[in-house]
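Visitor: Take a look at the following structure, please.
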Amino acid sequence: MATKSEVVFEDFFPSMVEKLGADGFVNELCNGFRLLMDSEKRVITFESLKKNSAVLGLQEMNDSDLICMLNEGDLDGDGCLNLMEFCALMLRLSPDLMKRSMFFVVLH
């Protein structure tokens with residue numbers, strides 16, 4: 001959870017959707033996934049997350065924290081995040097966006 005002096009990138013998701021539209025936002029999520037993924041395995045592994053975490057300003061996170069992040073989104077239990085798991089995790093981390101998304105789904 002972000003404190004008053006700390007900004008978490010998920011906090012910007014609702015405004016990103018408004019600015020980019022749904023397709024643009026999904027495209028940005030895909031870009032984020034590609035940035036963090038292991039290019040040979042095509043998934044986010046512990047190693048690729050650790051290697052690329054500095055890009056997101058997460059260089060201070062220890063191995064245990066990174067493993068917890070992976071476990072949080074790993075729905076199929078393979079120890080990695082595929083694109084769908086990554087996107088689902090990012091949406092779950094933005095409760096305001098989830099409320100808006102559910103409202104949109106109910107309306108359509």
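Visitor: Answer yes if at least one residue in segment 3-24 is among the hydrophobic types (A, V, I, L, M, F, W, C), within 18 Å of R92 (Cα to Cα), in a helix (DSSP H, G or I) and modelled with pLDDT of 75 or more, and no otherwise.
Guide: Checked segment 3-24: no residue is among the hydrophobic types (A, V, I, L, M, F, W, C), within 18 Å of R92 (Cα to Cα), in a helix (DSSP H, G or I) and modelled with pLDDT of 75 or more.
Visitor: Name the pairs: first residue in segment 43-69 and more than 19 Å from L83 (Cβ to Cβ) and of a type in the set (D, E, K, R), second residue modelled with pLDDT under 80 and surrounded by fewer than 17 Cβ atoms within 10 Å (Cβ to Cβ), Cβ to Cβ under 9 Å, at least 6 apart or on different chains?
Guide: Note: pairs meeting the criteria are D65/L58.
Visitor: Here's something else I'd like to know. All but one of (1) farther than 25 Å from M16 by Cα; (2) loosely packed, with under 13 Cβ neighbours inside 10 Å hold for L35; state the number of the condition that does not hold.
Guide: Evaluating L35 over (1) farther than 25 Å from M16 by Cα; (2) loosely packed, with under 13 Cβ neighbours inside 10 Å leaves (1) as the failure.
The values are calculated or read from the model by the stated rules, or taken from the named source; none is laboratory data. Everything quoted here is computed from the prediction, not taken from an experiment. Don't worry about glycine lacking a Cβ; one is built from the backbone with ideal geometry, like all the others, and counts go over all protein chains shown.
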